[in-house]
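In what follows, a structure is listed as structure tokens, so that the remarks can point back to it.
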Amino acid sequence: MFSVVVLISGGGSNLRALLTAAASPLYPAKVVAVGSDKAATGLEHAEEFGVPTFVVEPSRFESREAWAEVLLSNIEFHKPDLVVLAGFMRVLPANIVNQLSPRMINLHPSLLPDFPGANAVADTLAAGATVTGATIHIVDEGVDTGKVLTQVSIPVALGISETDLQEQIKLVEQEQLVQAVQDIATGALVLAEKEHNA
Ligand code: GAR
């Protein structure tokens, strides 16, 4: 069975959508572990579904690289076919990206390359954009710069709050993530040449 490790930092609504889909015997992927950089509330979803969790906090390490090495060994312990960053709010250093690329994807709440970074929804509203959306892309060494796999657009309602727009985007992302992981697992969506040489 195609196996997935999910990394989160927050509430984990996207994680929950994937766990729910993967509970069906018809779904072609399984979440084998969930990791975080803190005691994120979303870890409760994993516990509810009986999926093991791990927390690796950067503040316990002398460098980002040392933190990432331990994070990587926790991920690789589960031998995943794919790593999903679902609201994981840390930029990963090159040592971990190079090990996992292209088998690591990220959800981002904008139509990349527009509005990369940690404040995409606020930046979208501040720019007065009338259309936004959600992107799933391969993680590379940059910040939200990797190859785009799927994008879904939604209109930005006039006067909408940041919180409401973020929630609208999350609803779109949940379906998008379930579909993307299914397509990667079945081979309908191919990540990159490099995966065949790994
Ligand atoms: C999602 O909207 C995701 O796109 C965003 O965090 C949210 C996590 O929601 N990620 C980023 O902004 C990464 N730069 P969730 O914890 O409810 O799944």
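The values are calculated or read from the model by the stated rules, or taken from the named source; none is laboratory data. For clarity, every value in this text was computed on a predicted model and none was experimentally measured. Cβ: placed from backbone, ideal geometry, glycine included. Neighbour counts: every protein chain shown. Side chains included, ligands, DNA and RNA excluded: accessible areas come from the protein's heavy atoms. Shrake-Rupley method; radii C 1.70, N 1.55, O 1.52, S 1.80 Å.
Before moving on, here are some points about what is shown:
- Qualifying positions in the stretch 132-146 - farther than 16 Å from Leu92 by Cβ and either of a type in the set (A, V, I, L, M) or part of a loop (DSSP other than H, G, I, E, B) (or both): Ala134, Ile136
- A search for C-beta distances below 9 Å between a residue of the stretch 47-64 that is farther than 25 Å from Val31 by Cβ and any residue that is open to solvent by 60 Å² or more (accessible area, probe 1.4 Å), counting only pairs 6+ apart in sequence or on different chains, returns Phe61/Glu69; Arg64/Arg90; Arg64/Val91.
- With respect to the conditions (1) within 13 Å of the ligand (Cβ to nearest atom); (2) aliphatic (A, V, I, L, M); (3) farther than 21 Å from Ala33 by Cα; (4) assigned to a loop (DSSP other than H, G, I, E, B), Ala129 falls short on a single one, namely (1).
- All positions within the stretch 100-121 that are closer than 22 Å to Met1 by Cα and within 13 Å of the ligand (Cβ to nearest atom): Ile105, Asn106
- Test: residue in the stretch 26-35 that is open to solvent by 60 Å² or more (accessible area, probe 1.4 Å), away from the ligand (no atom under 11 Å from the Cβ) and either acidic (Asp, Glu) or more than 16 Å from the chain's Cα centre (by Cα) (or both): yes
- Listed by first and then second residue, the pairs with beta-carbon distance under 6 Å, at least 6 apart or on different chains, first residue in the stretch 81-99 and more than 9 Å from the ligand (Cβ to nearest atom) and open to solvent by 10 Å² or more (accessible area, probe 1.4 Å), second outside any helix (DSSP H, G or I) and among the aromatic types (Phe, Trp, Tyr), are Asp81/Phe2.
- Long-range neighbours under 8 Å by Cβ, at least six apart or interchain, first residue open to solvent by less than 10 Å² (accessible area, probe 1.4 Å) within the stretch 8-20, second β-branched (Val, Ile, Thr) and within 7 Å of the ligand (Cβ to nearest atom): Leu15/Ile8
- Cβ-Cβ under 6 Å pairs, at least 6 apart or on other chains, the stretch 148-168 side open to solvent by 50 Å² or more (accessible area, probe 1.4 Å), far side among the hydroxyl-bearing types (Ser, Thr, Tyr): Val148/Thr135; Gln151/Thr135
- Single match in Asp183, Asp123, Asp140 (criterion: surrounded by 14 or more Cβ atoms within 10 Å (Cβ to Cβ), among the acidic types (Asp, Glu) and within 23 Å of Pro28 (Cβ to Cβ)): Asp183
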